[in-house]
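Quick notes on the structure that follows.
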Amino acid sequence: MGQIFKYLKEAWPQAVIIFLLLIVQAFCDLELPQYTSKIVDVGIGQGGIEYAAPEKMSGETYRMMQTIMSEEEKEMMDSYYREDEDGHYILVDTKEKAKKEIDDFVKEKLAAQLPDGNESFVSAAAVQFVKAEYEKVGVDTDKVQTDYLWSVGLKMLGLSALMLIVAVLVGFFASKTGAKIGRNLRERVFGKVVSFSGAEIDKFSTASLITRCTNDIQQIQMVTIMFLRMVLYAPIIGVGGVIRVMNTGTGMGWLIGVAVGAIMALVMVLLVVAMPKFKSMQTLVDKLNLVSREILTGIPVIRAFSREKYEEERFDKASRNLMKTQLFTGRVMNFMMPVMMLIMNGISVAIIWFGGKGISAGNLQVGEMLAFITYTMQIVMSFLMLTMISIILPRAGVAANRIEEVIRTEAGVRDKEEVKDEALSDVKGEITFEHVNFRYPGAGEDALHDLNFTAKSGQTTAIIGSTGCGKSTLMNLIPRFYDVTGGRIMLDGIDIRDISQKKLRSVLGFVPQKAVLFSGTIDSNIKYSGPEVSDEKRDEAALIAQAVEFIESKPQKYEAPISQGGTNVSGGQKQRLSIARAIAKQPKVFLFDDSFSALDFKTDAALRKALHEKVKDATVLIVAQRISTILHADQILVLDNGTIVGKGTHEELLQNCEAYQEIARSQLSEKELKGGASV
């Protein structure tokens, strides 16, 4: 709950407005039962005569009343009534205060004359007295009753209209506030996730981060709206109802205590039973999302190995676990509502039972009993609203904690407070590794150990080695997707940790091992680095990447759509577009992480030749599995278990590096090994 308040603080002006509107809504809600009581007791029971203060009485009655008045009472009556030309006395002060004063006076005199001074009998006698006076002076009593009913009815209609308008405004502001909080949280969480290094992404998992950015924030948004509309309203209407009940003087206030006690007992039982299930629900949603994501992204592999049945069972298990929890909590909620209604209806029956006795004894009127029932239901409903939100809060609390966990997590790769970006005004692109070590978080040993080499500007440095030897890890260290755990990496002699990430990555053109395209068009994907990429740069990049042929074959050319993940283009086309995207950026350093694997030999050779001719001043680092791809590199690094075991040109490594010789023998013919290889 504390986190919800923390989020609400960001929108406190709207919360204050909603609170004030809810006070107005509660006032209207609490006034309506009083008017209902007046319609029943006064409008129907008393013929529209609310006070024993006739607005017109005969001179005979007025003079007779003065005979039993004190001098002070005579002065009071003379100040309120004036004699007209017909000899009748007209009430000139029609304010409610004057009517109440006259009402008290008349009832006091009647009570003194009645043998039984019961209040209800006195009130009935006072009404009969006023009716008799109206008939004596010719006042239409039916019109008095009709006018009263219209007056009270219009007031009720006005209150209802005002309450409707206020309720709409509360809903509007609550929804707007909830949407604003949801938007702010999504921005903060997504901004934090974007800043994460690979270590933090691995820690949370992609599926969990997606759930936290969507489902968890939606939970917070929903609870915020309910809090503003229900939780704030419940105490206002509850306290107001208690005050009104105390003012009715019915003597049945103990029934409210019984109802509230029964509801609280029920809620405590339900919370103890359901709370653990609510807390586990978000974790189950995470697991379902994880399984769904794996299955949807791995459909080709699943079909190739005929594992559809197995994956269906795995998905069904995750789905059933979530379903069982949701069914349990749903049953708890479904059980709660009938019991709540039973308590409310039981209280209504009890009020009618004891209220009927009060009416029979003359201590209570029907309208007062109806108002008491309404106030009691309002009080009970306020507690019901609080219990409803208390059932939902645990799940929202879990969601808030999961969101805060992401927000509070500091990115492992951060910029220093003082960076040396100005020292890179003229970037050459020389990359130097000095005794670089790297270990993944939680790993027992280094993935890379004591790497030392320099990739010079205008030269191509290739990296080759067996699967899992650390080639991609090495490439990921240069853009600072991870930070080294030992040694340092330098760009033009400056430690890359002393350079801002934005500046560092602005000089890099990175093509990942798994080509990634974004939904949009071919044009938007090639120009992904920013608006500075012109159509001319785009065309040149596509030409170098050997992508022009298949782009021109499409009816829409560069405006041809690319679906999410690039699923509507082949693997080779996807790689060529990824390479074109990096080239269009015109960086000082190219990082090709096994980016030619899906290309045929002819396209591979043509691409490398065009690249060599067009980017002569750039530093090029290539991770490759095929020796033919790196045959003419200026420098080849041979990695084995995270260590450089060979460094030199192709010819040098064939002479002095056993690991390279093994790779070469597995890929090249005897003729090529003897120096006959060509691009």
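The values are calculated or read from the model by the stated rules, or taken from the named source; none is laboratory data. None of these values were measured; they are calculated from a predicted model. Counting neighbours? That spans all protein chains shown, and the Cβs are built from the backbone with ideal geometry, glycine included.
Within region 1-47, the set of residues being touching a residue at least 24 places away in the same chain (Cβ under 8 Å) and of a type in the set (Phe, Trp, Tyr) comprises TYR7, PHE19, PHE27, TYR35.
If the condition is being part of a helix (DSSP H, G or I) and buried (at least 18 other Cβ atoms within 10 Å of the Cβ), then region 405-426 contributes VAL406, LEU424. Selection over region 285-299 of residues that are touching a helix residue (DSSP H, G or I) at 6+ places or on another chain (Cβ under 8 Å) and loosely packed, with under 14 Cβ neighbours inside 10 Å gives a count of 0.
Here ILE463 clears all of (1) outside any helix (DSSP H, G or I); (2) at pLDDT below 90 except the condition numbered (2). Of the residues that make up region 578-592, is at least one touching a helix residue (DSSP H, G or I) at 6+ places or on another chain (Cβ under 7 Å) and either hydroxyl-bearing (Ser, Thr, Tyr) or over 30 Å from GLU532 (Cα atoms) (or both)? Checked against the condition, which is being touching a helix residue (DSSP H, G or I) at 6+ places or on another chain (Cβ under 7 Å) and either hydroxyl-bearing (Ser, Thr, Tyr) or over 30 Å from GLU532 (Cα atoms) (or both), region 578-592 yields no hits at all.
When region 543-567 is limited to residues that are in a helix (DSSP H, G or I) and free of Cβ contacts under 8 Å to residues at least 40 places away in the same chain, the one that is surrounded by the most Cβ atoms within 10 Å (Cβ to Cβ) turns out to be ILE551.
A quick yes/no check of all residues on (1) outside the structural domain of LYS9 (by TED's automatic domain parsing); (2) surrounded by fewer than 19 Cβ atoms within 10 Å (Cβ to Cβ); (3) in contact with a strand residue (DSSP E or B) (Cβ under 6 Å, 6 or more places away or on another chain); (4) under 26 Å from MET76 (Cβ atoms):
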residue: LEU110; (1), (2), (3), (4): yes, no, no, yes
residue: GLY171; (1), (2), (3), (4): no, yes, no, no
residue: SER175; (1), (2), (3), (4): no, yes, no, no
residue: GLY178; (1), (2), (3), (4): no, no, no, no
residue: GLY182; (1), (2), (3), (4): no, no, no, no
residue: GLY191; (1), (2), (3), (4): no, yes, no, no
residue: VAL194; (1), (2), (3), (4): no, yes, no, no
residue: ASP202; (1), (2), (3), (4): no, yes, no, no
residue: SER208; (1), (2), (3), (4): no, no, no, no
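If you go through region 426-438 and keep only what is over 43 Å from the mean Cα position of the chain (by Cα) and of a type outside the set (A, V, I, L, M, F, W, C), you end up with ASP426, LYS428, GLY429, GLU430, THR432, GLU434, HIS435.
Looking at TYR81, TYR51, just one residue is of a type outside the set (S, T, N, Q), assigned by TED's automatic domain parsing to the domain that holds ALA125 and crowded, with 19+ Cβ neighbours inside 10 Å, and that residue is TYR81. Considering region 58-94, and only residues there that are over 19 Å from GLY138 (Cα atoms) and not in a helix (DSSP H, G or I), the residue that is nearest to the chain's Cα centre (by Cα) turns out to be THR94. Residue check: ALA610 meets all listed conditions (1) out of contact with any Asp or Glu (no Cβ under 9 Å at 6 or more places or on another chain); (2) in a strand (DSSP E or B) but one, namely (2). Kindly provide the set of residues from region 483-506 that are surrounded by fewer than 21 Cβ atoms within 10 Å (Cβ to Cβ) and assigned to a loop (DSSP other than H, G, I, E, B), ordered by number. Matches in region 483-506: ASP483, THR485, ASP492, GLY493, SER500.
Scoring LEU20 on the criteria (1) in contact with a Pro (Cβ under 9 Å, 6 or more places away or on another chain); (2) assigned by TED's automatic domain parsing to the domain that holds MET230; (3) not β-branched (Val, Ile, Thr) leaves a single failure, condition (1). Filtering region 431-460 to residues that are in a loop (DSSP other than H, G, I, E, B) and either buried (at least 20 other Cβ atoms within 10 Å of the Cβ) or hydrophobic (A, V, I, L, M, F, W, C) (or both) leaves ALA443, ALA447.
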